[in-house]
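Derivation of every value follows stated rules applied to the coordinates shown; laboratory data play no part. Given the structure is predicted, the values throughout are model-derived calculations rather than measurements. Note that we place each Cβ from the backbone using ideal geometry, even for glycine, and neighbour counts take in every protein chain shown.
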Amino acid sequence: MNRIARETVSPRPRVPSREGLADTPFEPRLRALSTAEDWMDWSGCLSPRALGAVETEYFAIRNQATLFDVSPMHKYRVTGPDAERVVNRLVTRDVARLAPGRVAYVLWCDEDGMVIDDGTLFRLGPQDFRLCCQERQFAWLHDIAWGFDVAIADETGDVAGLALQGPTSHAVLEAAGLALPDLRPFGIAEPEPGLVISRTGFSGDLGYELWLRPEGALALWDRLWVAGADLGLRAIGFAALDIARIEAGFIMAGAEFQPIHRALRPSRGRTPFELGLGHLVDPGKPHFNGRRALLREAARTPRRQLVMLDIEGTKDASGALVYHRGRREAGHATSAVWAPTAKRNIAFAELDARAARSAGLRAEIYTLKEGRWERTMASATVIDRGVFRPPRARATPPGRF
Amino acid sequence: MSRSDHFDAIVAGGGHNGLTAACYMARAGMRVLVVEKNDWLGGAAVSRELHAGWTYSNCSYVCSLLRPEVVRDLDLPQHGLQVIPYTGGATFTRDGDYFAYHSDHRALEREIARLSPRDVEGYERFSIAVMRQCRFIRPLLLRTPPDPVAPRPRDVAELVYLLRRFHDLGPRETGEAMRFWTASVGDYLDGFIENPLIKAHLAGSGIIGTGLGVYSPGTAYVLLHHYMGDVDGAVGAWGFARGGMGAVSGALARAFRAAGGEVVTCSGVERILVENGRVTGVALANGDTYRAPVVASGMDVKRTFLGHVEAQHLPDDFLKAVRRFKIRGSSGKINIALDAMPRFPAAPEDASFLSGDLHVSESLAELERAYDDWSVGRWSAEPYVDMLIPSRIDPTMAPPGKHMMTVFVQYAPYDPERDGRRDPAHWDEAARTAFADAVLDRIERVSPGFRDLVLHAEVRTPVDLEREVGLTEGNIFQGELTFDQLLFNRPVPGYADYRTPVKGLYLVGSSAHPGGGVMAAPGANAAREILRDARRLDRTERAFRAA
Amino acid sequence: MAFDHNRRPRAVVIGAGVNGLAAAATLAARGVDVTVVERGRGPGGMMTGAGQGELGHFVWNLHPAALAELGLGAADLGLGAEVATVLLAADGRHVVIEGEAISFADGTPHPDAAAYRALRARLARFAAVLAPLATAAPPRLGSGMLNRAGLSDLAQLARTGLGLRRLPRDARREFLRVLLSNAADLVRDELPDGPLAASLVFDAILGGRAAPGAPGTVLALLWRHAGGGRRRPAGGMAALARRIAGAAEARGVTIRYDATAAGIEVEGDRVRGLRLGSGEVIAAEMVLSSLGAMPTLRLAGPAHFDAEACRRIRGLRCEGTTARLDLRLAEMPRIEGLDGRLAGARLLLAPSVAAIEAACRPVKYGAIPASPVAEVLIEPGDGGAEGPAHLSALVQHVPYAPECGWTEAAREALAAAVIGALGTHMPGLPGLVTESRLATPRDIETMTGAPGGHWHHAELAADQMLTLRPVNGMARYASSLPGLWFCGAGAHPGGDITGLPGRNAALAAAADLGQGVTR
């Protein structure tokens, strides 16, 4: 009511609103390479689920090098005198310890300590941060920054992103004249003006992410494509990467947790502790969003626990209910996959805290076999996250293969 | 008196709620008569051909709240009801801009971002907040409100059910629920959204049919009344009844006749007959008399008790409460036969959202001014208009290439002011023309050439609705949807269970819980109570005979 | 928690208004070393415009529970007799209410007197049902109820429920019906529109933005009807404020005037003290702020609050709508038929509910009301600086930030509208004015620091009351920052001169301190 008298509609450019998905800067190359024509909606952008055979694409991640278009990720820039305070107020880790030129995997929570989203935080300078994440956070960043001296920009459309992942990924960079032998994991480099390369990724293997203005996107793609011709470089879609990330033990918003801002049922929210990411919460730093609630949560045993299960057999446990002590329902699989490299049948599962610590779990798996559903009760064991994390992923300087 | 004059139950008023109650009773084996004063059934859910070739949904115009449970229970699709979902909508501004509400989630995000980037998340937060309230409220629609003051055992169970639902919400969500129930739609939206045009688009449903403004507390709840259909992404919840809203009544009438029900039209109930505190039947305007131990009135509470039951049969307190029941006419309507599809230059040609609800609005402030006009007895100079063109997706509504447009207008007074006096009679021909001009001019501004396309227009004021449909003061909800007239307070505290001080006389229209809209919930709930009483009576009778 | 057990716990209270003083006295009575920090030169906060005069005219719901904490009885307050209310009628048939007696100015009985008294009695009964809710923090609802801390809430709800059970069945139904309904309909259902009906409606809307027809206004009316008749303190509000401050000091409270709170010191996620404008820091385990929620948040800094809390506080509706106009008059004005009865009486310039409704509209669009409604008090001067007579008017529905800005012309327009409206009843009034001073809501904000200059620090509407006051999640006086408490009118139960928010907040803070010391 307070604002009633001052509302006016300011004239805007008349861009007609349009239905359908938007194209990313790499769309012409992706479309040309797509034989599967298997597309999906990623944050409103047309994104390949697979360009060719998922299997081939997956093994390219583990064996050669791959290009995956990450432009649909939301990217926000926080700059200004209070930038560090604002970002530190947002995330649960201590950003003061993040040096310029470094990247951190971060989580952020609502006032109840429920995870809003996770993402990567780039410290580009002392007062300059970029946040990459799955969910839209523009208004939330403004809420967090209210009362502080910072500028917040939505760079989603201004920055194209390309993930170059796989054991030969540095060799591809080298061949393209972009060698970064000294760049350590979670480091950032700017080998050429306007091209930022971070040693980050979602595959658990050696890999880089390249960031630049959309105008240069196709030239960069072509440069890498030529350079990678003899190094097995392939373009891939999301499906292959999804296998790799489960194998590497990385959680994903919408699967392992429901971003609380999108949850219709408040009870669907999860704390970092419940996700097994308590180590990312730093209670020693100044107040951050949800800190008091998280301290209370830390003091009590979590009700649920996200774990990784090793499941007998080879049947995909997607959507499986998990039981313990015979018929007692203890939780369900959030993502599951047959890990082709580790040769294990694995799943992320959310279990009652007690079940997560006990033996004798069984997964109820339904498989459609030629028109008939078959039910399997497969025994399952809680294992450490990540069944494939090769040392080459962290070697600096990186190897050629 | 012949046997044919005796029924198990008589329904006074063939509106959709009366028909719903009648269907349930007939299907339970009762011999039921529906009495309707007009020569057609349906009350405010009607389709009529007033201009050759065009079908008008004269009164109600969209199908959003019709309870799926009722549709299923009564096999309405088998009896001809088909609801065609429509998608999207738009609000046009006078300066040529617009906000398009796309049903495609991504397109909607982009459209909101076009107007106000931060509002994408604000809108998301808003829809989740409203959906949470919907999930909380929706189960209450088909339940009889408990009496918290003199609870019977079943009321206690019902109150425990309610408390448990609150308990499950947790303290913060309970607080949010309280805020939602008590806030104005304007204040509520201010907490989520910055852009005035998006707010204006979303606020409209908070004021439709009410004598309240966008900044009147309690309108956030009315919003929910209109959002209920959307919850959980129920596909097809919002739509046009194929063939106009009369299709709803038509299906109900066919279901009723198929269950053996009988109908008398062209003569309304003149008097509800009462002897020794018990209802005995009805006397019609044409002099006929029908007897039944149960009379279900689909008329609103004021019309039923102030117009058709002799005061001597009613307690004074009850009469007083009925008199003070607020039932204010605040809406008008114009139904238009169009020579062609009107053009909206702001929108892309053939935009899919043109099949949805279209509005002309600028801001909440403008909507509040529209309300101010009404509160002093004028129709809004710049009214809120809710325009739909069902003929875009329903071929039965107009000849090929031609279109039918329904324009709902908020606000129009029941008794316009003239020279300091307010009187329904002030709705003379000049006033009706001026009112229609205000509306058509408003549309013309966002759709140049619109007026030239008008082949025929039916202007409906609150007075028309009262005269034709029988809604007191032309209030489309049979009573304001404010807290003092909701749940256990609706229509009269102590009589929220569809029963009345007269034994055997029930209220089945939307004066009763949960209120207005083509929802069929009051009718279904009331029928449940009538049948419960009938069973009890049956048991008593059997016990009596056995003894 | 590291408290020094050998010394008394220390608290700082920001603001020496009635709530700050009540909070301070309540804590002092429980062994806390309390310093009150007041920006102004004298006590009283919004009662006195921070010591610069006065804003309100009368006292009627100063709560005995708050007075008890101050060690004051009703007799110690120097309150005069209940004042008569004169309702100025458009047709000149003014109505005089003196206690239960209601008549026209010429002495003829008012035809609606019985209906009016019955309605008032009904409202008083309903107000009594709600009364237990005002003397404690609002109950936690939802799942918070079923733990040990929730038991006291249940008890409080049970007391309220018991009050309700004591009403006859029909009254219970009526209570539940009207609770969230609107004042205009409630009153007009019982009384024909006119000054008498308007006088009740005026009580529901004074200080707020809501129109009489806005659902929820009955709740505000009941909330404020718990007290008795209106009384004028001897020596005005300033004298009453001094008496209350004196009582607090007698409890051992230190009051520091001319001391501006500049920042709340926080260390290790806990309040450690208050920094003054001078740079001095008063160390304390707790700070109780009688400022509005937003100024309090700003004193501590948003860094200590979750973004959701900041957002809720930002969303508070707190633009004031009440202005005060002070006129110095060359002589006592006269109203036909009311000779000798004007001085000290409460005059209501609100001829009808419809007139109030009309007066409410312009403020929505940032316009100055052309026919404002007002509560007016005329007192004969002592012949000194105040002149032979002094008239003050609390003018309703004045915008905080008019579209045209608070220009000299806008201020004159408002003053002229009030003087003009009064002039129709008091011929010659314009000619008597020797000096005029207007305090707009914005001036009141500058004077007192109250957000928006709002009478209640935040609109007293159903969606900003009880567990939603000041905001959802902070309604039990504790802000989310440990050691920082809300104790002003922005907290439950809200504004007017009741002392309850201060007293309730101090009780909650003392209980928390007790736990901290023994832990």
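What the table below lists for this structure:
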quantity: Residues with amide H under 5 Å from that of B:Leu505, placed H, sequence gap 5 or more; calculated: B:Val279, B:Val295, B:Thr500
quantity: Overall form of the protein assembly as shown per C-alpha gyration tensor (a/c, 1.5; a/b vs b/c); calculated: oblate
quantity: Calculated from backbone phi, Karplus (6.51, -1.76, 1.60) coupling profile of the range B:458-466 in Hz, x at Gly/Pro; calculated: 9, 9, 10, 9, x, 5, 4, 4, 5
quantity: Cα-centred dipole magnitude for chain B, charges only on beta-carbon of K, R (+1) and D, E (-1), debye, nearest 20; calculated: 2040 debye
quantity: Selection from B:Val83, B:Leu65, B:Pro151, by position along the positive dipole direction of the range B:51-163 (Cβ); calculated: B:Pro151
quantity: Pairwise label distance in nanometres, A:Arg327 with A:Glu370, each label 7 Å out on the Cα-Cβ vector; calculated: 3.2 nm
quantity: Ascending count of other beta-carbon atoms within 10 Å, so fewest first, for B:Val222, B:Val376; calculated: B:Val376, B:Val222
quantity: Number of partner chain Cβ atoms within 10 Å, mean per residue of B:117-123; calculated: 5
quantity: Using a Förster distance of 45 Å, the FRET efficiency for A:Ser34-B:Ala434 (Cβ separation, nearest 0.05); calculated: 0.15
quantity: Cβ crowding within 10 Å averaged over residues, with B:10-19, A:163-172 ranked highest first; calculated: B:10-19, A:163-172
quantity: The range B:1-76-the range C:208-266 distance, computed between alpha-carbon centres (Å); calculated: 59 Å
quantity: Euclidean distance of C-alpha centroids, the range A:125-139 and the range A:259-288, integer Å; calculated: 18 Å
quantity: Most to least packed among C:211-221, A:238-248 [average Cβ atoms within 10 Å]; calculated: C:211-221, A:238-248
quantity: Debye log10 I(q)/I(0) at q = 0.10, 0.12 Å⁻¹ for chain B, Cα point scatterers; calculated: -0.80, -1.16
quantity: Efficiency of FRET between B:Lys503 and C:Glu100 - r from beta-carbon atoms, R0 56 angstrom, step 0.05; calculated: 0.85
quantity: Charge context of B:Ala150, other residues only, Cβ under 9 angstrom, K/R +1, D/E -1; calculated: +2
quantity: B:Asn276/B:Leu537 FRET efficiency (R0 22 Å; Cβ-Cβ; nearest 0.05); calculated: 0.85
quantity: Spin-label pair B:Ile393/A:Met377, simplified geometry with 7 Å Cα→Cβ offset, distance in nm; calculated: 4.8 nm
quantity: Farthest positive-ward along chain A dipole, Cα basis, beta-carbon charges - from A:Ala298, A:Leu131, A:Ala163; calculated: A:Ala298
quantity: Environment charge at C:Leu348 (Cβ cut-off 10 Å; Lys +1, Arg +1, Asp -1, Glu -1); calculated: -1
quantity: Burial order of peptide ranges A:147-154, A:306-313 (average beta-carbon count within 10 Å, highest first); calculated: A:306-313, A:147-154
quantity: About the Cα centre, charge dipole magnitude for the range B:332-447 (Lys/Arg +1, Asp/Glu -1 at Cβ), debye; calculated: 220 debye
quantity: Cα centroid separation - the range A:163-211 against the range B:460-537, whole Å; calculated: 70 Å
quantity: Order of B:Arg72, B:Arg378, B:Arg67, B:Arg545 - criterion: other Cβ atoms within 10 Å of each residue's Cβ, fewest first; calculated: B:Arg545, B:Arg72, B:Arg378, B:Arg67
quantity: Shielding score for B:92-100, defined as the mean number of other chain Cβ atoms within 10 Å; calculated: 3
quantity: Average beta-carbon neighbours from other chains, 10 Å sphere, peptide C:298-309; calculated: 6
quantity: Reachable lysines, given that their alpha-carbon falls under 26 Å from the alpha-carbon of B:Lys503 and they are not under 8 places away in the same chain; calculated: B:Lys37, B:Lys302, B:Lys320, B:Lys326
quantity: Per-residue [θ]222 nm for chain B (sum of -39500 (n - 2.57) over DSSP H runs n ≥ 4, rounded to 500); calculated: -11500 deg cm²/dmol
quantity: Sequence of B:Arg445, C:Arg177, B:Arg539 once ranked by neighbouring C-beta atoms within 10 Å, starting from the fewest; calculated: B:Arg539, B:Arg445, C:Arg177
quantity: Integer Hz, Karplus 6.51/-1.76/1.60 couplings in order for the range C:152-166, x for Gly and Pro; calculated: 5, 5, 4, 4, 5, 5, 5, 4, 5, x, 5, x, 5, 4, 6
quantity: Dipole in debye (nearest 20) - the protein assembly as shown, about Cα centre, beta carbon charges: Lys, Arg +1; Asp, Glu -1; calculated: 4640 debye
quantity: 10 Å beta-carbon shell around C:Gly263, net charge (K/R +1, D/E -1); calculated: +1
quantity: Amide H partners (placed H, <5 Å) of B:Phe7, local residues excluded; calculated: B:Arg291, B:Ala292
quantity: Mean Cα-pair separation over length for chain B, i.e. relative contact order, pairs under 8 Å, 6 or more apart, %; calculated: 24 percent
quantity: Computed helical MRE - 222 nm, chain C, DSSP H runs ≥ 4 contributing -39500 (n - 2.57), nearest 500; calculated: -11000 deg cm²/dmol
quantity: Amide H within-cut-off set for A:Gly386, under 5 Å, with H built and near neighbours excluded; calculated: A:Gly249
